[in-house]
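So the structure is just underneath, and the comments pick up after that.
The values are calculated or read from the model by the stated rules, or taken from the named source; none is laboratory data. It should be emphasised that the depicted structure is a prediction, and the values quoted were computed from it without experimental measurement. Backbone-built Cβ (ideal geometry, glycine too); neighbour counts: all protein chains shown. Note: accessible area is taken over every heavy atom of the protein model, side chains too, but ligands, DNA and RNA are not part of it. Shrake-Rupley method; radii C 1.70, N 1.55, O 1.52, S 1.80 Å.
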Amino acid sequence: MRVVISIGGSVLAPDLDADRVAGHAAAVERLVEADCEVGAVVGGGGVARDYIGAARRLGANEVQLDQIGIDVTRINARLLIAALGDRAAPAPAHEYEGAGEALRRGDVAVMGGVMPGQTTDAVAAALAEYVDADLLVYATSVDGVFSADPDADPDAEQHARLTGTELVDLVAPMSRGAGASAPVDLLAAKLIERSKMRTVVLDGTDPERIPSAVLHGDHSGTDVVPEGSRDPERWA
Ligand code: UTP
């Protein structure tokens, strides 16, 4: 089974805690031991936001800010690579071909951002499409896709299951404007819809939830089941 896992920066490295990173590496290793090919895409989290905020005050333009964000995602990717040791390709792939080659060699492919104007949500969806993954998992700080930001709105309700089109329709209004609260951004949602990628959005703050979701389909987050998609064979 081939799986792409998106690990948000705020999940992997809200602060610099080696044990937390080791926990995520252990979850990836469980998947490898269960014969999964794993691609991991790592986000920038609060550290990226801090750097971007400082550079914005210094007058950097939006592309320059994105480039700083990308650099931070790659530093976080290197933390995960350090924890995975020989199991991972030695450096974050800068594009999808490199990540695909690493998977073909039998390595865990770890990458951060790729180009300005998007986030690692979209990188994970594009990598999943590129390597024809059986499953895409977003390990975020929120347990799935909600009708509104659950941290800001106590009436926000979780969606247990969505089609790709429903995900796009839900995320589109959330993605507009500053402080966007969508758990998966609009470009990612559109890539999931077009590639009919079976996707799970879950709370990844406890990394053990990731192997349960991948190996058994067992989780309490949101299943995105695009029209025409299939469950991974090993769930049968
Ligand atoms: P993240 O993927 O962590 O952004 O990339 P995010 O969604 O804002 O962070 P979380 O999920 O809330 O923690 C960090 C920043 O890096 C740039 C963007 O500026 C993004 O906000 N980036 C990342 C790119 O420009 N291109 C990429 O491919 C990836």
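Some points to look at:
- Meets criteria (of a type outside the set (S, T, N, Q), touching a Leu at 6+ places or on another chain (Cβ under 7 Å), part of a loop (DSSP other than H, G, I, E, B) and open to solvent by 20 Å² or more (accessible area, probe 1.4 Å)) for Asp151: no
- Residue tally, condition assigned to a helix (DSSP H, G or I), away from the ligand (no atom under 11 Å from the Cβ) and not charged (D, E, K, R), over the stretch 24-52: 7
- Among the residues listed as Val168, Val145, the single one being in contact with a helix residue (DSSP H, G or I) (Cβ under 9 Å, 6 or more places away or on another chain), modelled with pLDDT of 90 or more and either of a type outside the set (A, V, I, L, M) or under 25 Å from Val28 (Cα atoms) (or both): Val145
- The listed residues are Val42, Val38, Val28, Val32, and the only one of them that is of a type outside the set (Gly, Ala, Ser) and in contact with a Ser or Thr (Cβ under 8 Å, 6 or more places away or on another chain) turns out to be Val42.
- Scope the stretch 207-236; condition in contact (Cβ under 8 Å) with a residue 24 or more places away in the chain and in a loop (DSSP other than H, G, I, E, B); matching residues: Pro207, Glu208, Ser220, Gly221, Val225, Pro226, Glu227, Gly228, Ser229, Arg230, Asp231, Pro232
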